[in-house]
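Input: a single structure, listed below in structure tokens.
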Amino acid sequence: MQWSNYGWGMGSGLGWLFMVLFWILIILGIVYLVKLIAGGEKRTTGETALDILKKRYAKGEISKEEFEEKKKDLSGD
């Protein structure tokens, strides 16, 4: 019995293309995961540190003295 190499396997003319695409997808997946893990805490919400400080003061989480002290620290004075 003779086995023919029909379909999308490595013996067909397009087999090498699918292998290359497979490895590209694997590499891109690894790069994405590394970026996700390494840069997970770098996501910004558009708020500055001063905005967050103002919200904390408005909620009553910190006193006026703490607010002024932290505001001064943030401004670099």
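The values are calculated or read from the model by the stated rules, or taken from the named source; none is laboratory data. Just so it is clear, the model here is predicted, and its values are computed rather than measured. Here the Cβ positions follow ideal geometry from the backbone for every residue, glycine too, while neighbour counts run over all protein chains shown.
A few comments on the model shown:
- Answer residue from segment 30-52, given it is modelled with pLDDT under 90 and more than 30 Å from Glu68 (Cβ to Cβ) and is surrounded by the most Cβ atoms within 10 Å (Cβ to Cβ) among those: Lys35
For every residue, the table says whether it meets (1) modelled with pLDDT under 90; (2) in contact with a Leu (Cβ under 6 Å, 6 or more places away or on another chain); (3) surrounded by 10 or more Cβ atoms within 10 Å (Cβ to Cβ).
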site	(1), (2), (3)
Met1	yes, no, no
Gly7	yes, no, no
Ser12	yes, no, yes
Leu28	no, no, yes
